[in-house]
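**Q** Structure provided below as structure tokens; questions to follow.
The values are calculated or read from the model by the stated rules, or taken from the named source; none is laboratory data. The structure presented is a predicted model; accordingly, all values stated were derived computationally and were not measured. All Cβ positions, even for glycine, are placed from backbone atoms using ideal geometry, and neighbour counts span all protein chains on display. These area figures cover heavy atoms from the full protein model, side chains too; ligands, DNA and RNA do not enter into them. Shrake-Rupley method; radii C 1.70, N 1.55, O 1.52, S 1.80 Å.
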Amino acid sequence: NKNNNYLYNIKNKMISRTEKFDNKSSSYIASFLFGKTNKINDDIKNNYQKLGVSHLFAVSGMHVSLLTGFLIFIFKKLKFKDQLINIIITSILLFYMFLTDFTSSILRSGMLFILTRLNKTHKFELDNFRVFIIAICFLIIINPFIIYDIGFIFSSVISGYLILFSSFISNRKNYFTKSLTISSIAWIVSFPIVIYNFYEVNLLSVFYNLLFVPFISFIVFPFSVLTYIFDFLKPIFSFFIYILETLSILFSKIDSTIIFKRPSLILVYSYFVIITFSLWSLKYSSAKPLFILLLVMII
């Protein structure tokens with residue numbers, strides 16, 4: 001109990017540190033670092049949801065990838081051995097899971113990273129998709145009710161397809177085409193989940209993600225971490241937040257949202273069978289049944 005109280009005291013102090021900033025900066029730092037998205041202004045949050053980029057403001061695999069990538073880079077520069085790197089990063093990830101209240105997307109991405117590192121260092125020679133399936137199964141065994149978590153469903157489905165078709169993505173020649181391919185696949189495979197749960201989808205969300213993903217991943221999120229540590233960076237961080245919100249307000253005025261009737265589960269499952277076949281074969285003719293399904297969902 002004393003150890004638990006000690007950990008919770010650390011957690012509360014770390015989260016309460018965000019309150020020393022102005023309300024707007026505090027809300028974004030709390031969101032990016034600790035998953036406290038409820039602090040962002042409701043109108044602005046609705047704009048992000050309307051554009052289909054709200055997932056970028058919740059603690060997710062993006063954060064884990066950036067965090068672990070940075071740590072691995074530092075530790076390798078310091079000549080740390082792989083086993084020591086695994087132990088340190090695994091410990092950090094477990095603590096970060098605790099800080100973010102074991103958010104489903106963080107659990108999935110964190111577990112996937114840990115198993116991927118173990119697979120690499122111990123040379124089990126499992127491909128990335130098998131490691132992904134093992135991670136998902138492990139989380140479901142620990143908590144069967146996680147399958148009802150919409151965040152877990154979204155992150156698992158999108159990540160699974162991106163891993164499954166990673167070779168196709170890596171064949172793209174430059175950053176823009178790779179980003180477009182990733183955004184397109186993510187949009188296509190999340191489409192039935194979105195309309196089943198929210199009944200509407202933004203047709204331009206692929207392009208909005210092309211703009212917002214790099215801006216948030218490489219500028220806003222890193223600066224939220226730096227600003228949290230170094231107070232004097234707050235004016236710069238506030239400026240980036242101003243750009244972010246201005247863009248969201250501007251683009252939200254473009255009406256590109258379509259309302260759907262809720263599809264049946266059979267239709268959703270059929271969609272995934274067809275889209276998997278279509279992506280796998282990458283032939284235009286194989287995609288024709290997909291467009292028929294889209295029309296059925298709309299009508």
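**Q** What is the local net charge at residue 202, summed over the other residues whose Cβ is closer than 14 Å to its Cβ (Lys, Arg +1; Asp, Glu -1)?
**A** Result for the neighbourhood of residue 202: 0.
**Q** Let me ask something else about it. GNM, the chain, Cα, under 10 Å: largest mean-square fluctuation among 59, 194, 273?
**A** Checking each option, the largest mean-square fluctuation is seen for 273.
**Q** Considering only 174, 47, 128, give the residue with the highest GNM mean-square fluctuation for the chain, with springs between Cα atoms whenever their separation is below 10 Å.
**A** Looking only at 174, 47, 128, the largest GNM fluctuation is found for 174.
**Q** Please give every one of the lysines within straight-line cross-link reach of residue 39, meaning a C-alpha to C-alpha distance under 21 Å, and leave out same-chain neighbours fewer than 8 residues apart.
**A** Counting by Cα, and skipping residues close in sequence, residue 39 has these lysines nearby: 11, 13, 20, 24, 50, 234.
**Q** Under 37 °C and 0.692 mPa s, how fast does the chain diffuse according to Stokes-Einstein, given a Kirkwood radius computed over C-alpha pairs? Answer in µm²/s, whole number.
**A** 157 µm²/s
**Q** Moving to a separate point now. With the full set of protein chains in place, find how many percent of the accessible area of the stretch 39-119 is carbon and sulfur; take the probe as 1.4 Å.
**A** Percent of accessible area from carbon and sulfur atoms in the stretch 39-119: 66.
**Q** Once you have the Cα-Cα distance between residue 92 and residue 197, take 0.36 nm times their residue separation minus that, and quote the gain in nm to one decimal.
**A** 34.4 nm
**Q** Okay, next question. For the chain, what does -39500 (n - 2.57) per DSSP helix run (n ≥ 4), summed and divided by total residues, give at 222 nm, in deg cm²/dmol to the nearest 500?
**A** So the calculated ellipticity at 222 nm is -23500 deg cm²/dmol.
**Q** Let me ask something additional. Once you put a point 7 Å from the Cα of residue 175 and another 7 Å from the Cα of residue 43, both along the Cβ direction, what distance in nm separates them?
**A** Going from the residue 175 label point to the residue 43 one covers 3.4 nm.
**Q** Please compute the per residue accessible area over the stretch 1-146 with all protein chains in place, 1.4 Å probe, rounded to a whole number of Å².
**A** 58 Å²
**Q** Reachable aspartates and glutamates from residue 253, Cα under 15 Å, same-chain residues fewer than 8 places away excluded?
**A** Output for residue 253: 43, 245.
**Q** Over what distance in Å are the Cα centres of the stretch 4-83 and the stretch 129-158 separated?
**A** First find each Cα centre; the distance between them is then 21 Å.
**Q** Compute the length gained on full extension between residue 126 and residue 102: take 0.36 nm times their separation in residues and subtract their Cα-Cα distance, giving the result in nm to one decimal.
**A** That works out to 6.0 nm of additional length.
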